[in-house]
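Below: one structure, written as structure tokens.
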Amino acid sequence: MKKHLVRFVLGALCVLLLLGHAARFWQIPFVSALDAYLYDARVRLTMPSTVDPSVVVVDIDERSLAEVGRWPWSRHLLADLVRRLSEDYRASVVGFDVVFAEPDESSGLGVLESIGRQQLRNEAAFQRALAELRPTLDYDRRFADALRGKPVVLGYYFSGTRSARQGGELPPPVFAAGSFAGKQVPFVSWAGYGANLPELQQAAASGGHFNPLVDFDGSSRRVPLIVEFDGAYYEALSLAVLRTLLGQAQVRPGFPEGDTQLEWLDVVGEKGSLRIPVDENGAVLVPYRGREHSFPYVSAVDVLQGRAPVEQLAGRIVLVGTTAPGLMDLRSTPVSAVYPGVEVHANLIAGMLAGTIKEKPAYVMAIDAIQLLLFGGLLVALLPLLTPLRASLLTLAVLAVALALNGWLWASANLVLPLAAMLLLIALLYALNMSWGYFVESRIKRQFADLFGQYVPPELVDEMARDPESYSMEGRNAELTVLFADIRSFTSLSEGMEPKELAHLMNDYFGAMTDVIRQQRGTLDKYIGDAIMAFWGAPVSDTEHARHAVLTALGMQRAVAALADPFRARGWPPLQIGIGINTGPMTVGDMGSPVRKAYTVMGDAVNLASRLEGITKEYGVGIVVGEETRQQLPDMSFRELDRVRVKGKEEPVAIFEPLGPTAELAPAVLEELRHWHQALRLYRAADWDGAELQIYNLQRAAPNCRLYALYAERIVSWRRNPPGGNWDGTTTFLTK
């Protein structure tokens, strides 16, 4: 336990840090921002994205502006709109997401009255005509007359500066000054307002503000149902519409027993009652239904012209607003960066009627703190004691439970439980414990990378780091497989190229070859001029070292062929390489002088591999392997090339060309291989005629095969100078 003490302490500090944020002892801006983002994500994931017909938006849209004229419209048109909605279409309530703060002088009445007071003040006929025309030309009065006695709610706005106060008239407050004396309700407070003309507001059934609360990121997630201004309390447009719908219902604040914090509003009227959950500021979370147009939209001009279908508006709550971009009633919301302001109110009204308002009462803070303590304490206590796999499984389980609890409260109880602090705590505790182990392990990996990184692929370094005691650079004997690869005619090739171009060519070549070696878990020994040396079976044990070496050789030949076209496009000559492979006992380890050492292999088996690479061109093949390599790969097909006695060795060895896995070879290739081995047996039996006939038939199918031509030449030579009686078919090479 003592060795985990530091992790216990650090984990406990993480819990305390986020617990303090949840309890509001301090606030961490990043956590608050993440909580807002996660809230938005939950809204988008769970919103129904269907159209709710209970609220209809009468839209002052681009088409309406094109047919009727630019905004603001004359009030006599708005009077007609109200009459149409109330009388012809029988809307249950009409709410205006528009403020009428300035008098309408578009009729010219003001000019006529000025003339009547001055130039024509003594003209009785003019005065009589003016008196008759005044009711018709006083558009504000006509609008007020249309509002009077009808269920129409006008909208207005509050502002943060007293200088913004305008000459309009606020509706009566929903709560008088002093209504919340002794209660701890931090209502949103405003200093100024922009309201409707007094005669319009007095004629309307009610009025409500349309101010949302704009969060730190400019998004509108909440609307305050009750706000404070000059000591009195005023309602939002959505609440005023609901009160009018329910028959001028009364609003009663709800406080839990013995508590001073506001948690709900009861709306009680002749036609029904509702309970609306609110937060400590008297605000509600907007229950967005979709990204846009979650309610039926009717163009305002269609209502004015009587073209809208009656059944779409009859008995509905109607909100008059605008989606025209030029009228600037677009807001940023959790579901869309450009959202019609009128639809914010529509979502609120529909949500309050349907009871789908998400709530975040004060006790949610206690739930958040409890889950942080429980889940955080569990992870702090157990993660340091578990293996990485079990720690990951535990973390995933805790994460799943936390998400399930949050989702269940959201869906079944409409409770918004903060999620960011819990997710961050789980992530922090997991990252702390994993990184602690990682940094300890990384020191071992860095040591191995320093020792072996230049030789073996990174994935092998990782494998070695899991059990470092099993690996050492000290010399030892082992059966391994070694590979040598060399570019043919490199001297003449290099003499015909500029040094810079030659360097680029070699870099591309070495890069491609090294990739193939790494793919087959090989250890790159060194580059020797244009040659490459690699081996398999050390430092990481590999029971398939012979197979991986042969597959590497085949892959290198394919990679060289793939380089031909890119090289030709750059004016470079195509390359041909020879590869020698041998398997056998050799010494492997860190060898050299105190000045410079290298992890390499030595021994007769290594020397033979180098000799085999050198004789590939003699037989016209790309790869030559020794007999021990072939014996370890029974599922591969090899073409025996010869038995040779290379320089420095007295014992002859059989050499082979690998063709690939037998199961992957075409039948024609296998048939050719059978005929060749028959020819080789006849050759070694000194049956020159039989061997020559077989080789002749093989040459007809492959006239450019260097191997067949070589043996045809040898047969001609042996006929002239027959070998001795002790001839065994071995070819002796006197040079390297």
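Bear in mind these aren't lab numbers, they're just calculated from the coordinates by the rules spelled out. All of these numbers come straight from a predicted model, not from anything done at the bench. Every residue, glycine among them, receives a Cβ derived from its backbone with ideal geometry; neighbour counts consider all protein chains shown.
Points worth noting:
- Point-to-point label distance, Ala413-Glu650, nm (Cα→Cβ direction, 7 Å offset): 9.3 nm
- DSSP-defined beta bridges in the chain - what % are antiparallel, rounded to 5: 70 percent
- Per-pair calculated FRET efficiency, R0 = 30 Å: Gln519 and Ala712 via Cβ, rounded to 0.05: 0.20
- With a Förster radius of 51 Å applied to the C-beta separation of Thr662 and Ala427, the computed FRET efficiency comes to 0.45.
- Listed residue (Gly729, Thr356, Thr491) projecting farthest to the positive dipole end of the chain, Cβ model: Gly729
- Extending 7 Å from Cα along the Cβ direction at Arg252 and again at Phe216 yields two label points whose distance is 3.9 nm.
- Cα-based equivalent ellipsoid, the chain: semi-axes from gyration tensor eigenvalues, Å: 92, 35, 22
- When only the Cβ of Lys, Arg, Asp and Glu is charged (+1, +1, -1, -1), the dipole of segment 474-629 relative to its Cα centre reaches about 260 debye.
- For the pair segment 12-63 and segment 270-294, the centres of their Cα atoms are 14 angstrom apart.
- Protection proxy ranking, highest mean first, for peptides 39-51, 310-322: 310-322, 39-51, where packing is the per-residue count of other beta-carbon atoms within 10 Å, averaged.
- With eigenvalues of the C-alpha gyration tensor scaled by 5 and rooted, segment 474-629, Å: 27, 17, 14
- Residue pairs, from the table Lys271/Lys360; Lys526/Lys647; Lys526/Lys617; Lys150/Lys358; Lys500/Lys649, whose Cα atoms sit over 30 Å apart: Lys150/Lys358; Lys500/Lys649
- Using the average count of surrounding beta-carbon atoms within 10 Å as a protection proxy, the listed peptides 139-150, 67-78 rank, highest first, as 139-150, 67-78.
- Dipole-positive endmost among Leu372, His675, Ala101 within the chain (Cβ charges, Cα centre): His675
- Pairwise Cα distances in segment 594-736 exceed 20 Å in 53 percent of cases.
- Assuming charge only on the beta carbon of Lys and Arg (+1) and of Asp and Glu (-1), the dipole of the chain about its Cα centre is about 520 debye to the nearest 20.
- The local environment of Ala534, defined by Cβ-Cβ distances under 10 Å, has a net charge of +1 under the rule Lys, Arg +1 and Asp, Glu -1.
- Percent of C-alpha pairs per 5 Å bin in segment 591-648, short distances first: 4, 14, 23, 20, 15, 11, 7, 5, 2, 0.
- Spin-label zone in segment 187-218 - amide nitrogen under 11 Å from a point set 7 Å from the Cα of Asp230 along the C-beta vector: 192-193
- Placing unit charges on the Cβ atoms only, positive for Lys and Arg and negative for Asp and Glu, gives segment 529-619 a dipole magnitude near 260 debye about its Cα centre.
- Ranked His548, His209, His21, criterion: other C-beta atoms within 10 Å, fewest first: His548, His21, His209
- Label-zone membership for segment 378-410, site Arg44, 7 angstrom Cα→C-beta point, backbone N under 19 Å: 407
- Among beta bridges from DSSP that stay inside segment 474-629, the antiparallel ones total about 90%.
- Nitroxide proxy distance, nm - points 7 Å out along Cα→Cβ at Asn704 and Ala23: 8.4 nm
- Structure-based [θ]222 nm, the chain - -39500 (n - 2.57) summed over DSSP H runs of at least 4, per residue, nearest 500: -14000 deg cm²/dmol
- Modelled FRET efficiency - R0 56 Å, Leu693 with Ala478, Cβ distances, 0.05 increments: 0.75
- Annotation: the residues Glu713, Glu105, Glu628, sorted from fewest to most other C-beta atoms within 10 Å of their own C-beta, follow the order Glu713, Glu105, Glu628.
- When the charge dipole of segment 231-340 is built from unit charges on Cβ atoms (+1 for Lys and Arg, -1 for Asp and Glu) and taken about the Cα centre, the candidate among Leu274, Tyr288, Leu327 whose Cα reaches farthest toward its positive end is Leu327.
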